[in-house]
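The values are calculated or read from the model by the stated rules, or taken from the named source; none is laboratory data. What you see is a predicted model, and the numbers here were worked out from it, not measured in a lab. No Cβ is skipped: glycine too gets one built from the backbone with ideal geometry, and neighbour counts run over all protein chains shown. Note: accessible area is taken over every heavy atom of the protein model, side chains too, but ligands, DNA and RNA are not part of it. Shrake-Rupley method; radii C 1.70, N 1.55, O 1.52, S 1.80 Å.
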Amino acid sequence: IHSEILRLATLVYERKPKTIVEIGTRMGGTLCLWCALADPQAVIVSIDLPGGIHGGGYPNWRTKVYQHFAQAGQTLHLLRVDSHLPKTLNQLKSLLPATGIDFLFIDGDHQYAGVKQDYEMYTPLVRRGGLVGFHDICPNRLDPTCGVDKFWNEIRGNHKSWEFIDHPQQSGYGIGVVEM
């Protein structure tokens, strides 16, 4: 939803992150946005599971398109792998600077266990003061397998947080952000 992503984009732009990791790229819209908003020398990593549930994955030919999103001084890594595998975590660690992740955006597996696993696996790599964003924090009445809202409600009170929700009664969507 335009108003939600605009508010998140403003928050990200104000921080000019030098390291961004996105879990769940799909059509590449947010990936393009992160490249535009990040530091000109940023390291940006996309992790997306080909054929994943909740619309995950993109055809291999799109990697060439997505590579053009990066600014001249940025480094963009496109990992077409399962975010839940330990080898993916190890691969990501090898790509990150020692300073850690400035902004982690979780929009992959929307099941409760999946979003929780992504959070628990990858937030230790987020630097103190870094941001973790979640898409689809509103209950989704059309897809009962979505559990992002339940997980969001468990963690949001433990951190400084922001919620970007266009309409309080909407089904699905909504963006939540916590500061680590």
TODO: From D118, D166, grab the single residue that is of a type in the set (D, E, K, R) and within 13 Å of the chain's Cα centre (by Cα).
DONE: D118
- [ ] Scan the range 60-80 and give yes if some residue there is polar (S, T, N, Q), touching a residue at least 12 places away in the same chain (Cβ under 8 Å), touching a strand residue (DSSP E or B) at 6+ places or on another chain (Cβ under 6 Å) and crowded, with 21+ Cβ neighbours inside 10 Å, otherwise no.
- [x] no
Open item on the list: As an exercise: evaluate P17 against (1) surrounded by fewer than 18 Cβ atoms within 10 Å (Cβ to Cβ); (2) under 14 Å from the mean Cα position of the chain (by Cα) and give the number of the one condition it does not meet.
Closed with: (1)
Task: Residue list for the range 157-180, restricted to those being among the aliphatic types (A, V, I, L, M) and either open to solvent by less than 50 Å² (accessible area, probe 1.4 Å) or within 16 Å of G129 (Cα to Cα) (or both) - done: I175, V177, V178, M180
Task: Residue list for the range 96-108, restricted to those being of a type outside the set (A, V, I, L, M, F, W, C) and outside any loop (DSSP other than H, G, I, E, B) - done: D102
TODO: Looking only at the range 121-142, count how many residues are surrounded by 15 or more Cβ atoms within 10 Å (Cβ to Cβ) and not hydrophobic (A, V, I, L, M, F, W, C).
DONE: 9
Open item on the list: Looking for something within 19 Å of I175 (Cα to Cα) and among the basic types (K, R) - is there at least one such residue anywhere in the range 23-38?
Closed with: yes
- [ ] Output the residues belonging to the range 35-51 that are under 19 Å from D118 (Cα atoms) and surrounded by 19 or more Cβ atoms within 10 Å (Cβ to Cβ).
- [x] I44, V45, S46, I47, D48, L49
Task: Filter result for D39 (part of a loop (DSSP other than H, G, I, E, B), under 20 Å from D143 (Cβ atoms) and among the acidic types (D, E)) - done: no
Open item on the list: I'm told Q91 meets every condition in (1) open to solvent by 70 Å² or more (accessible area, probe 1.4 Å); (2) assigned to a loop (DSSP other than H, G, I, E, B) except one. Can you identify the failing condition by its number?
Closed with: (2)
